[in-house]
1. Being out of contact with any His (no Cβ under 8 Å at 6 or more places or on another chain) and surrounded by 14 or more Cβ atoms within 10 Å (Cβ to Cβ) is the filter here; which residues of the stretch 70-88 pass it?
2. I need the full set of residues from the stretch 91-117 which are modelled with pLDDT under 95 and within 15 Å of the chain's Cα centre (by Cα), in order please.
3. I'd like to know if the stretch 62-77 contains one or more residues that are within 13 Å of the ligand (Cβ to nearest atom) and more than 18 Å from V120 (Cβ to Cβ).
4. Report, ordered by the first and then the second residue, all pairs with beta carbons closer than 6 Å, sequence separation of six or more or different chains, a first member in the stretch 5-22 that is within 28 Å of F48 (Cβ to Cβ) and part of a loop (DSSP other than H, G, I, E, B), and a second member that is at pLDDT 95 or above and of a type in the set (D, E, K, R).
5. Take the residues in the stretch 78-114 that are among the β-branched types (V, I, T) and closer than 17 Å to K8 by Cβ; name whichever of them is nearest to the ligand (Cβ to nearest atom).
6. Taking the stated definitions as given, is A72 touching a residue at least 24 places away in the same chain (Cβ under 8 Å), assigned to a loop (DSSP other than H, G, I, E, B) and among the hydrophobic types (A, V, I, L, M, F, W, C)?
7. Can you find a residue in the stretch 108-126 that is part of a loop (DSSP other than H, G, I, E, B) and among the hydrophobic types (A, V, I, L, M, F, W, C)?
8. Scan the stretch 20-48 for residues that are within 9 Å of the ligand (Cβ to nearest atom) and crowded, with 21+ Cβ neighbours inside 10 Å and jot them down.
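The values are calculated or read from the model by the stated rules, or taken from the named source; none is laboratory data. All values reported here derive from a predicted model rather than from experimental measurement. Reconstructed Cβ throughout: ideal geometry from the backbone, glycine too, with neighbour counts over all protein chains shown.
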Amino acid sequence: MEYGELMKMAVTARQSAYMPYSHFAVGAALLCSDGSVYTGSNIENAAFTPTVCAERVAFFKAVSEGKRGFAAIAVAGGKEGEAPDALVAPCGVCRQVMMEFAFPKTFDIILAGSSENLQVYKLSEILPLGFGPENLGR
Ligand code: THU
């Protein structure tokens, strides 16, 4: 799948964000190795810490449906009701979750700010020396 299309799905997923506290809507679209796509949006909580980012929602939806191979994830975020206006990169916890399920040297993270140009990073670039399943012999 073309990454521009994947980004469009991430932008659309922002519409489902539940973010009454931050008013910051994030959408993610996760491309699985089999070509299927799982979207996610951030889900906040009055107790704050149970909040889950869009990226993890997408991963957990896919993993819970049996998916195990992943190619790329597109992420778009910005103020509620506004177009994405700055690059939103995955938080550290989401990077660690990606490390569990994706190959760091091949998994692409696609980001978009206000421009049409997409920025693509490998997980190994944004999580150098990541601790992962291989460290535990898997
Ligand atoms: N958030 C995400 O969903 N993904 C990111 O990459 C950064 C932050 C969410 C968490 C919270 O609901 C809101 O954005 C503000 O931090």
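1. Correct list: F70, A71, A72, I73, A74, V75, A76, G77, G78, P84, L87, V88.
2. Hits for the stretch 91-117 are A112, G113.
3. Going residue by residue through the stretch 62-77, those that are within 13 Å of the ligand (Cβ to nearest atom) are 73-77.
This time we only want the ones that are more than 18 Å from V120 (Cβ to Cβ), so: none.
No, that holds for no residue.
4. Cβ pairs passing all conditions: M19/E44; Y21/E44.
5. Only one residue tops the list, namely V88.
6. Details: touching a residue at least 24 places away in the same chain (Cβ under 8 Å): yes; assigned to a loop (DSSP other than H, G, I, E, B): no; among the hydrophobic types (A, V, I, L, M, F, W, C): yes.
Taking the combined requirement at face value, the residue does not satisfy it.
7. Here is the first cut: in the stretch 108-126, the ones part of a loop (DSSP other than H, G, I, E, B) are 113-117.
Of the ones still in play, those that are also among the hydrophobic types (A, V, I, L, M, F, W, C) are none.
No - not one qualifying residue is present in the stretch 108-126.
8. A25, V26, G27, A28, G40, S41, N42, listed by residue number.
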